Amino acid sequence: MNDFDPSLPIRAKRGDDQAFIQLVEHYYPRCLRFARNMLGSEQDAEEAVQDTFVRVHDSFPRFREDARFDPWLFQILANRCRTLMARNRRHRSVIEYGEIPLTASAEHEIGADWAEEVRVVLDTLPVEQREAFLLRHVEDLSYEDISAMTGAGLSALRMRVKRACDALRTRLTEVTESER
């Protein structure tokens, strides 16, 4: 479904169930990719995305018809991801008896694929940097849209993305040099 009908969000808001189904079908892969990258777990990503679409459906009365749908949707999804990350941190702090830090070399074997290295680096970034990077460079949202959904200023977002890119570049350069 490459041809996106821009009237879908408005029709779905007005109660058109078929339009809502088409919205879900169109956005589900992007949302799942974002959630996977934020959470690092397929199961948590599925939960976040499914819960997001339930919340979108329930929150449609608050969606402004003159607003862009993408930032509104990803704001809900990002909030769900943050909630799941906090829940998982609390859960781990209750069930873990000791912390055994894993180094990148212990976690990965020589020759680990590039995508895995990127995921590992993304996992080490502060949540705000990871979120800004993924929204900008993976989901291709504008800084203005990201600002609208997160409440962060444009300069702060640009700095978060820059720091994320710097961290990725540094780590991936290290990996490339170590494989020579």
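The values are calculated or read from the model by the stated rules, or taken from the named source; none is laboratory data. Here the structure is a predicted model, which is why all the values come from computation and not from measurement. With ideal geometry, Cβ positions are generated from the backbone for all residues, glycine too; neighbour counts draw on all protein chains shown.
Worth pointing out:
- Inspection of segment 60-82 finds a residue satisfying the criterion of being out of contact with any Asp or Glu (no Cβ under 8 Å at 6 or more places or on another chain), without any contact (Cβ under 8 Å) to a residue 24 or more places away in the chain and closer than 23 Å to LEU122 by Cα.
- Selection of segment 143-178 for residues being over 22 Å from ARG119 (Cβ atoms) and of a type in the set (D, E, K, R) yields GLU144, ASP145, ARG158.
Yes or no, residue by residue, for (1) in the same structural domain as SER147 (by TED's automatic domain parsing); (2) surrounded by 11 or more Cβ atoms within 10 Å (Cβ to Cβ); (3) modelled with pLDDT of 95 or more; (4) not polar (S, T, N, Q):
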| residue | (1), (2), (3), (4) |
| --- | --- |
| VAL56 | no, yes, yes, yes |
| LEU73 | no, yes, yes, yes |
| THR83 | no, yes, no, no |
| ARG92 | no, no, no, yes |
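- Residues that are under 18 Å from ARG80 (Cβ atoms) and exposed (fewer than 14 other Cβ atoms within 10 Å of the Cβ), drawn from segment 1-52: PRO29, GLU42, GLN43
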